[in-house]
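First comes the structure, then the notes that go with it.
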Amino acid sequence: MLSRTADNLFWMCRYTERAENTARMLDVNLQMSLLPQDPETREGSWLGVLRISELQGLYQSKYSAISPSDVLQYMVRDPENPSSIYSCMRAARENARAVRGSLTTEVWETYNTTWLELLKHLHTGLLERNPGEFFEWVKFRSHLARGVTIGTMLEDEALYFLRIGMHLERADSTARMLDVKFHERGSNGNHEGRAEAAGSAALQSEFYRWSALLSSVSGLEIYRKVYRDVITPDRVAELLILHGDMPRSLLASVRAVADDLARVSNQRSTETERRAGMLCAELQYGRVEDILDSGLHQYLDHFLDRINDLGNRISQDFLVPLSA
C-alpha cells in the first residue's frame, strides 16, 4: 500500500476517535457541573478538559478566563483548535475523500453525511440548545462509522491501518483522562479514606466523580459486572489500565495496535513491533498495586511518552513522514 494512502486511512480513523473522545469528555464534565461545587473546583474541572488535550496555553491566548461556555465553544466549534470536534470531523472527512477508492461506498457516505450534519447542527444551535443531545450525536456517528467500516470493508491493509489509528488514539485519550482526573483529586490512587473522614456528602461526591470517569469511557456497567462492589479509585485504575476485556482500557488498545502492526509488518518495522509488544506484555502482566506504589502519574506520563514514540515510529515506518 502507498504510504500516502496508509497515512490518510490512519488519520481518518484517528480524528474520528478523537472527536468522539472529546465529546465524551465534555459531556461528562457538563454532568459533573450539575453537582454542588465551589467556584475553584468548577474552574479546575473545566481547566482539566483543556489539560487533557494539552490546550491550556492556546485557550488562554484567546480567552481571559476559564468558563464553561467558552471552553465548550473552543472544544467544539473553534476551527483554529486542531482538537475541536469541528476540526477533527473536518480532517476525518478530508482524509476519507482523499482515499475514496480504498473505502466502500457505505463508509464514504457515512463520513460525508456526518460532516454535513455537523454543519447543520452547529448552524441551528443544537450545542447551545441541548449540549447533551449534541454530544450523543457525535458519539453515535463515531459508532456508526466504526460499525460500517468493520461490516463492509475487506479485511486487508486498509482496515488494519484504520484500526491502528483508532486504537492508538484511544490509548492516548484514556491515559490522559485517567491521569488528569486522578491528579485533580490530588490522588495517588488511595484517597477514599479522606472522603470517609469528611462525611457522607464527600462520599457521595466521590462516588459521582468516579462514576463520571467510568461513564466517559463507557465503563460504568462494565465495572459493576467485573467487581460487583462499590466504586473505588484503585479498581477504576485497574479496570482502565489492565483489563484486556474492557474495550477502552490501555491493555485492550495497545494489544490491538500490536496485533495489527504484525499484520502490516515490513522490513523497517521490526523495532516498532518490538516496542509495541513490550508495552503490551507489561500491561498484560502488570499489577495495579505496583503501578500505584510507583506513582500513577509517573506511570501514565511514561506510558504517554511510549505511545507518542509508537505513533512517531509508525509514521516513519509506514506513513508519509512529517515535514521538518
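Observations, loosely collected:
Listed here are the residues, each with its yes/no results for (1) β-branched (Val, Ile, Thr); (2) touching a Ser or Thr at 6+ places or on another chain (Cβ under 6 Å); (3) open to solvent by less than 30 Å² (accessible area, probe 1.4 Å).
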residue: 116; (1), (2), (3): no, no, no
residue: 128; (1), (2), (3): no, no, no
residue: 134; (1), (2), (3): no, no, yes
residue: 141; (1), (2), (3): no, yes, yes
residue: 146; (1), (2), (3): no, no, no
residue: 152; (1), (2), (3): yes, yes, no
residue: 166; (1), (2), (3): no, no, yes
residue: 175; (1), (2), (3): no, no, yes
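- Only a single item in (1) open to solvent by 50 Å² or more (accessible area, probe 1.4 Å); (2) closer than 25 Å to residue 144 by Cα; (3) part of a helix (DSSP H, G or I) is not met by residue 25, and it is number (1).
- Criterion violated by residue 315 - all others in (1) under 17 Å from the mean Cα position of the chain (by Cα); (2) surrounded by fewer than 20 Cβ atoms within 10 Å (Cβ to Cβ); (3) under 19 Å from residue 14 (Cα atoms) satisfied: (1)
- Residue in segment 154-163 that is most open to solvent (accessible area, probe 1.4 Å), counting only those that are assigned to a helix (DSSP H, G or I) and more than 16 Å from residue 248 (Cβ to Cβ): 157
- Summed over segment 87-98, residues that are crowded, with 19+ Cβ neighbours inside 10 Å and not small (Gly, Ala, Ser) total 4.
- Selected residue (only one of 17, 43, 80 is buried (at least 20 other Cβ atoms within 10 Å of the Cβ) and either among the acidic types (Asp, Glu) or farther than 30 Å from residue 112 by Cβ (or both)): 17
- Candidate set: segment 216-243, residues that are farther than 26 Å from residue 298 by Cβ and open to solvent by less than 50 Å² (accessible area, probe 1.4 Å); chosen: the one modelled with the highest pLDDT: 222
- Residue within segment 100-108 that is over 17 Å from the mean Cα position of the chain (by Cα), assigned to a helix (DSSP H, G or I) and surrounded by 19 or more Cβ atoms within 10 Å (Cβ to Cβ) present: yes
- Of all residues in segment 1-49, those being among the hydroxyl-bearing types (Ser, Thr, Tyr) and without any contact (Cβ under 8 Å) to a residue 40 or more places away in the chain number 2.
- Residue 52 meets each of the listed conditions (1) touching a residue at least 24 places away in the same chain (Cβ under 8 Å); (2) surrounded by fewer than 15 Cβ atoms within 10 Å (Cβ to Cβ) apart from (2).
- In segment 125-154, the residues that are over 19 Å from residue 96 (Cβ atoms) and not aromatic (Phe, Trp, Tyr): 125, 126, 127, 128, 129, 130, 131, 132, 133, 136
- Test result for residue 300, open to solvent by less than 40 Å² (accessible area, probe 1.4 Å) and under 21 Å from residue 9 (Cβ atoms): no
- Among the residues of segment 244-267, just one is in a loop (DSSP other than H, G, I, E, B), open to solvent by less than 10 Å² (accessible area, probe 1.4 Å) and not aliphatic (A, V, I, L, M), namely 249.
- Taking the criterion of being farther than 12 Å from residue 127 by Cβ and either polar (S, T, N, Q) or part of a helix (DSSP H, G or I) (or both), the residues of segment 75-89 that qualify are 81, 83, 87, 88, 89.
- Figure legend. Inter-residue proximity from segment 72-95: first residues touching a residue at least 60 places away in the same chain (Cβ under 8 Å), second residues among the polar types (S, T, N, Q) and open to solvent by 20 Å² or more (accessible area, probe 1.4 Å), beta-carbon distance below 8 Å, spacing 6+ or different chains. Indicated pairs: 83/53; 88/16; 89/16; 92/16.
The values are calculated or read from the model by the stated rules, or taken from the named source; none is laboratory data. In this text the structure is predicted, and so the values were computed from the model without any measurement. Every residue, glycine as well, gets a Cβ built from its backbone with ideal geometry; the counts of neighbours run over all protein chains shown. Remember, those area values only see protein heavy atoms, side chains included, never the ligands or the DNA or RNA. Shrake-Rupley method; radii C 1.70, N 1.55, O 1.52, S 1.80 Å.
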